[in-house]
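Notes follow once the structure below has been shown.
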Amino acid sequence: MAKMKVLQPEMTRLKELHKEDKMKLQQEMMALYKREKVNPISGCLPIFIQIPFFFAIYKVLFVTIEMRHQPFFGWIKDLSERDPTSIFNLFGLIPWDPPSFLLIGVWPCLMGVSMWMQQKLNPTPPDPVQAKIFMFFPLFLTVILAPFPAGLVIYWTINNILTMAQQYIIIKRTTVKTV
């Protein structure tokens, strides 16, 4: 990703140069990646490694009877159930029970914030439409993962935080200078 940040000005220049010819633009971009020894898909590799773990934790929380109704920490009394708090009643401060589709708890909100912060460590995509979609992605996943078991959302949040720490260390130690 650090190398992709360095290539950003060159990629922008190529886009301006080959505005009308999409095929030529793609060929030039591939030549640039090959010349600089950069693989744009390498940023997706860690997520492919995490998908089996994510699915395994989901199945363990969903199927295992021994883990049901076991207290965890704070307000989470069952890791196999969704986060019982809701942002729409200020996490229990307002005496109102929102409908189940509006139950977006503290942990899903923390997960969305951590995804947004993690996204800020990565270079912005050169395509403005893709950049807007990526900006919307943390909010989208917050809403999608809100009904999932709290244990899974906690895992995802902690994983995001550890990944951000790892990215920060790698960025500080890398020899590629990014602006």
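When you scan segment 88-110, do you find a residue that is in the same structural domain as Ala165 (by TED's automatic domain parsing) and either among the basic types (Lys, Arg) or touching a Cys at 6+ places or on another chain (Cβ under 6 Å) (or both), even just one?
Scanning segment 88-110 turns up no residue that is in the same structural domain as Ala165 (by TED's automatic domain parsing) and either among the basic types (Lys, Arg) or touching a Cys at 6+ places or on another chain (Cβ under 6 Å) (or both).
Are any residues in segment 43-60 closer than 26 Å to Gln118 by Cα and either free of Cβ contacts under 8 Å to residues at least 40 places away in the same chain or hydrophobic (A, V, I, L, M, F, W, C) (or both), and if so, which ones?
Result: Cys44, Leu45, Ile47, Phe48, Ile49, Ile51, Pro52, Phe53, Phe54, Phe55, Ala56, Ile57.
Is there a residue in segment 112-124 that is within 24 Å of His69 (Cβ to Cβ), surrounded by 14 or more Cβ atoms within 10 Å (Cβ to Cβ) and in the same structural domain as Leu61 (by TED's automatic domain parsing)?
No, segment 112-124 contains no residue that is within 24 Å of His69 (Cβ to Cβ), surrounded by 14 or more Cβ atoms within 10 Å (Cβ to Cβ) and in the same structural domain as Leu61 (by TED's automatic domain parsing).
Kindly list the number of the only condition in (1) closer than 30 Å to Tyr168 by Cβ; (2) without any contact (Cβ under 8 Å) to a residue 24 or more places away in the chain; (3) outside any helix (DSSP H, G or I); (4) among the aliphatic types (A, V, I, L, M) that fails for Ile94.
Of (1) closer than 30 Å to Tyr168 by Cβ; (2) without any contact (Cβ under 8 Å) to a residue 24 or more places away in the chain; (3) outside any helix (DSSP H, G or I); (4) among the aliphatic types (A, V, I, L, M), only one is false for Ile94: (1).
Checking Met111 against (1) under 28 Å from Leu7 (Cα atoms); (2) in contact with a Ser or Thr (Cβ under 6 Å, 6 or more places away or on another chain); (3) modelled with pLDDT of 85 or more, which test does it fail?
Result: Met111 fails condition (1) only.
Going residue by residue through segment 64-83, is there one that turns out to be assigned to a loop (DSSP other than H, G, I, E, B), over 30 Å from Thr124 (Cα atoms), of a type in the set (Gly, Ala, Ser) and in contact with a Pro (Cβ under 7 Å, 6 or more places away or on another chain)?
Yes, because at least one residue in segment 64-83 is assigned to a loop (DSSP other than H, G, I, E, B), over 30 Å from Thr124 (Cα atoms), of a type in the set (Gly, Ala, Ser) and in contact with a Pro (Cβ under 7 Å, 6 or more places away or on another chain).
Count, please, the residues in segment 97-131 that happen to be under 17 Å from the mean Cα position of the chain (by Cα), part of a helix (DSSP H, G or I) and not aliphatic (A, V, I, L, M).
10
Report whether or not Leu14 is surrounded by 12 or more Cβ atoms within 10 Å (Cβ to Cβ) and either within 22 Å of the chain's Cα centre (by Cα) or of a type outside the set (Phe, Trp, Tyr) (or both).
Numbers: surrounded by 12 or more Cβ atoms within 10 Å (Cβ to Cβ): yes; either within 22 Å of the chain's Cα centre (by Cα) or of a type outside the set (Phe, Trp, Tyr) (or both): yes.
Yes, satisfied.
What's the total number of residues in segment 63-77 that are farther than 26 Å from Leu139 by Cβ and at pLDDT 80 or above?
Total satisfying the criteria: 1.
The values are calculated or read from the model by the stated rules, or taken from the named source; none is laboratory data. Since the structure is predicted, the reported quantities are computational estimates derived from the model, not experimental observations. When we count neighbours, we look across all protein chains shown, and the Cβ atoms used for this are built from the backbone with ideal geometry, even at glycine.
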